[in-house]
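Take a look at the structure below.
The values are calculated or read from the model by the stated rules, or taken from the named source; none is laboratory data. What you see is a predicted model, and the numbers here were worked out from it, not measured in a lab. Cβ coordinates were reconstructed from backbone atoms using ideal geometry, including for glycine residues, and neighbour counts include every protein chain displayed. Accessible surface is based on the protein model in full, side chains and every heavy atom, while ligands, DNA and RNA are left aside. Shrake-Rupley method; radii C 1.70, N 1.55, O 1.52, S 1.80 Å.
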Amino acid sequence: MGTTFENEILEIFGTTDLEQLKKISRDVASYNQKKQRNISGRKNSFTEIQAAEMVALYSQGESISDLARKYQVSRQTIYNQLKRAHRFSEDPDVKMRMNFMNHNDLCTTIDIDFRHEKITIHNYTEQILLRAFGVIENPDWKDFEYFLEDRCFPRTRDHAKEILREMNLPFYDPLLIVEKTQGRMEGDHQWIMILKKEQ
């Protein structure tokens with residue numbers, strides 16, 4: 001009986017030496033720990049939606065430590081994700097991204113090429129009313145200008161000059177206004193997170 005058992009051990013592990021078997025056991029335990037760390041490390045691959053939420057929470061005062069606890073990753077991973085958010089396009093002419101948010105949920109990304117007056121969008125919600133351009137799938141520059149102005153107080157508003165002066169703006173420019181106000185409007189929970197590309 002013992003001989004058969006020893007033969008099975010020899011066939012599986014290549015040895016019946018007790019010290020060798022202990023070493024194999026230690027090696028397996030070490031391999032499993034590394035594998036587990038690698039699986040945990042995969043949490044670094046956050047989706048655009050998660051990365052946008054992370055940036056939103058950070059901009060609202062959430063600490064790196066709190067974010068690390070929330071997403072169950074290291075603080076370094078959070079730092080990396082916040083940096084990654086500013087490396088959003090391979091196109092050298094795209095210098096700015098606007099994340100159109102509802103609360104802290106990403107609805108639409110808008111990558112902006114000011115030089116050629118072009119935008120590229122991606123919708124992250126099926127709810128038309130929460131999308132930056134509603135039913136329009138391929139908006140042009142005019143649509144973008146309309147979108148920006150729609151997230152500002154009206155040009156014709158009473159005391160517009162005083163409002164601009166309070167914002168420290170020399171004239172009515174929807175982009176400059178949105179940069180100051182985040183495109184927040186009374187009556188909804190949508191806002192614009194502006195990301196500028198890291199050089």
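Here the helices (runs of 4 or more DSSP H) wholly within the stretch 1-67 that include at least 2 residues being modelled with pLDDT of 75 or more and in contact with an Asp or Glu (Cβ under 9 Å, 6 or more places away or on another chain) are 48-59. For V135, the criteria (1) loosely packed, with under 13 Cβ neighbours inside 10 Å; (2) hydrophobic (A, V, I, L, M, F, W, C); (3) under 12 Å from the mean Cα position of the chain (by Cα) hold in every case but one, which is (3). Can you find a residue in the stretch 138-151 that is under 24 Å from the mean Cα position of the chain (by Cα), open to solvent by 40 Å² or more (accessible area, probe 1.4 Å) and at pLDDT 95 or above? So far as the stretch 138-151 goes, yes, one or more of its residues are under 24 Å from the mean Cα position of the chain (by Cα), open to solvent by 40 Å² or more (accessible area, probe 1.4 Å) and at pLDDT 95 or above.
Just to be sure before I move on: is H159 out of contact with any Asp or Glu (no Cβ under 8 Å at 6 or more places or on another chain) and without any contact (Cβ under 8 Å) to a residue 12 or more places away in the chain in the structure I sent? Before the answer, list the steps.
Working: out of contact with any Asp or Glu (no Cβ under 8 Å at 6 or more places or on another chain): yes; without any contact (Cβ under 8 Å) to a residue 12 or more places away in the chain: yes.
Here the answer is yes, as H159 does meet what is asked.
Among the conditions (1) surrounded by 13 or more Cβ atoms within 10 Å (Cβ to Cβ); (2) within 28 Å of F171 (Cα to Cα); (3) not polar (S, T, N, Q), D105 misses just one, which is (2).
Against the list (1) over 14 Å from the mean Cα position of the chain (by Cα); (2) farther than 19 Å from R151 by Cβ, the condition I112 fails is (2).
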